[in-house]
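One structure is given below, encoded as structure tokens.
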């Protein structure tokens, strides 16, 4: 049995402080309900024209799938490639293609993905902002028809704001990874590893543990103006439900009190697989103990060391971080 995602009441009072330290997803109804392209309630053609008016002409990434793929982004039948064609087009051209297909059955799945708004739709930013986020957090736009992105995770905090159409978000806590049948880490159609299991086919015998994941899932359907906060590392499966959909999202990492912003850790995960996965069981247990002690444990592993000698276990200056990165590069 899935559960509804917790919702925030009173979008006008929402602030960045409501997210600091938060570990679970949150739906913020009406967070961007005052954005012009939301509150004007335009028909599809009017919406597309208004959005296209901001187009700078810069090409953005777009994928096109054949109708038989049901709009689900994934791998081809031989698993040696992906089930879509990749294109680079201006936003306005993509919007026109979506309008042309909107009244037809069994249309190709089309998705403009993760397009940086400052480059492709710069004028959009004047009237469509989230003031409580730092100015350096750059928004991206996702536009398409009835397309599904299978469950995947991001390392970053994420607020996704629905601009057009309806979207269904199905979220899984990080510990559900073993029940989601994740594909290759380094060969993924979205750039992030995805679940190979179709959520709409829970009885597929290839994925017997999928039902366990679905029983723990959190689900919300968002309308234009609504937003959702997705914590880092939470798996999210996103289905667009209408002929023309648009979503704006913001990714960021919180900066530590000493000013240090942790870098991406996916490369560390891949390196750990190479370093530890094939070791004998006793060695793997020993390394797991060290990682739990120094990285994942709640206790301070350097509490007994004088503050000035804690090295990488203490507060770091930018210069110290640079030196440590050079040391790590030498080890690698």
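A few notes on this one:
- Two-site FRET efficiency, residue 53 against residue 133, from Cβ-Cβ distance with R₀ of 25 Å, rounded to 0.05: 0.50
- The angle between the Cα long axis of helix 266-276 and the main principal axis of the chain comes to about 50°, on a 0 to 90 degree scale.
- Counting other Cβ atoms within 10 Å as a rough exposure proxy, the listed residues 114, 195, 240, 278 run 278, 114, 195, 240 from fewest neighbours to most.
- Remark on the range 95-140: hydrodynamic radius 13.1 angstrom, per the Kirkwood mean of 1/r across alpha carbon pairs.
- Among 32, 137, sorting on how many other beta-carbon atoms sit within 10 Å of each Cβ, with the fewest leading, yields 137, 32.
- Between helix 318-331 and the chain: long-axis angle, C-alpha atoms, 0 to 90°, nearest 10: 80 degrees
- With the gyration tensor restricted to C-alpha atoms of the range 1-135, the semi-axes of the equivalent ellipsoid amount to 30, 22, 16 Å, longest first.
- Build a GNM of the chain with springs between Cα atoms under 10 Å apart, and of 320, 176, 66 the one that fluctuates most is 320.
- Shape call, the range 3-252: gyration tensor on alpha carbons, a/c limit 1.5: oblate
- FRET efficiency, residue 305 to residue 278 (Cβ-Cβ, R0 45 Å, nearest 0.05): 0.85
- Anisotropy class of the range 266-331 from Cα gyration tensor, a/c 1.5 cut: oblate
- GNM top mover of 285, 198, 146 - the chain, alpha-carbon springs below 10 Å: 285
- Between 186, 298, 175, the residue with the greatest mean-square fluctuation in the GNM of the chain (Cα pairs under 10 Å linked by springs) is 298.
- Rounded tilt (10° steps) of 281-291 against the dominant C-alpha axis of the chain: 80 degrees
- Value at 222 nm in deg cm²/dmol, rounded to 500, when DSSP H runs of n ≥ 4 in the chain each add -39,500 (n - 2.57): -6000 deg cm²/dmol
No lab work stands behind these numbers, since they all come straight from the coordinates. Note that the structure is a prediction, hence the values are computed from the model and not measured. Cβ sites come from the backbone with ideal geometry, for glycine too, and all protein chains shown count toward neighbours.
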